[in-house]
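Structure first, commentary second.
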């Protein structure tokens, strides 16, 4: 019985340790690099460029990396990518300690590490079904996701504290060591690779084309992809570019408090995912949670934008506990609202996509949906060099409100979604 429980499965524990440790190291560095860029006097455009380079490489290789993970030994892929990332980051830490780290070197390493993660992630996810019994797969996924989220929450505070006290070289060093620990954990996993079909590159492109064709022919999924493409491009850079710039230049808080703010934002996403399951878990349609999520998103993003205005700072104070509570609270609610929308969308795709298309469709949907994030970060960085933070936030909020309303109106008219709801009710 104990062997069937993921909590007592050593292979599962080793995989969880590998993902959690590397996530914590990566999360620490991701939190402090925007602060570091601002501290050395660089502009918001530079922060936006860093965010772009942190996201785009992995998205570009993700569909092809998923196919490679099906055809090659996933364990060897995770070990190789972890070791390569560790070497890059330890070298960068040495350069930072020797005061020889330039932005060009930092950005180059970031691109390479992002590319490596693009290959690591699908291989790591693909290993899990072979490490735990099928009847424990849901519990294993849930436990792994929970532990990883907690590690990201802790890394926000730990990274900010270490950066404020010991500097950037120590944070990068710890990140490099975390990848060594991850590689060692993966090495100890007992994993038997099953050879996949040795398909040609032409069949690979054919498989991707079939997935794209399925999405193109499904109006609801196509609409959902377009919505996330635009909304993620508007919202994710708020947290990656606007928030650190606003925090460092307009507010009177410490770097440690910025870490707490980021932790609260992650916690908002966790609570949102829990609440949508509790409130709408028994609902057979996706319209109600989508409507609730879009409504919450429109309200919270508007209040968040209002908090950026100088009048609010003058009224509430730029370093008061009240302002910190309001800013972090509504930031967390924005994160929760995104989960209220994201989970029903995933549910619809899972229920309406044939099994033979499932992996391809999800890989393509993820690439399209998150493809707007790096582009948005780059655009935000350029806009913030010419437009104040509060006006940038307000324009983003108004666009989000307009697009969310149009998205809901489009879904309510979609015949595919109505047919899908009738089939579930029957």
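Values quoted throughout were computed directly from the atomic coordinates according to the rules given, and no laboratory measurement underlies them. What you are looking at is a predicted structure, and each value in this text was computed from that prediction instead of being measured. Cβ sites come from the backbone with ideal geometry, for glycine too, and all protein chains shown count toward neighbours.
Observations on the model:
- Inter-label distance, nm, simple model (7 Å from Cα along the C-beta direction), residue 39/residue 278: 3.8 nm
- Footprinting exposure proxy for 50, 64, 330 (fewest neighbouring C-beta atoms within 10 Å first): 64, 330, 50
- Efficiency of FRET from Cβ geometry, residue 402 and residue 318, R₀ 35 Å, rounded to 0.05: 0.70
- Residues 102, 369, 182, 164, arranged from fewest to most other Cβ atoms within 10 angstrom of their Cβ, appear as 102, 164, 369, 182.
- Modelled spin labels at residue 271 and residue 177, positioned 7 Å past Cα toward Cβ, are 3.4 nm from each other.
- Efficiency of FRET between residue 413 and residue 111 - r from beta-carbon atoms, R0 41 angstrom, step 0.05: 0.45
- Put in order of Cβ neighbour count within 10 Å, fewest first, the listed residues 82, 39, 255, 99 become 99, 39, 255, 82.
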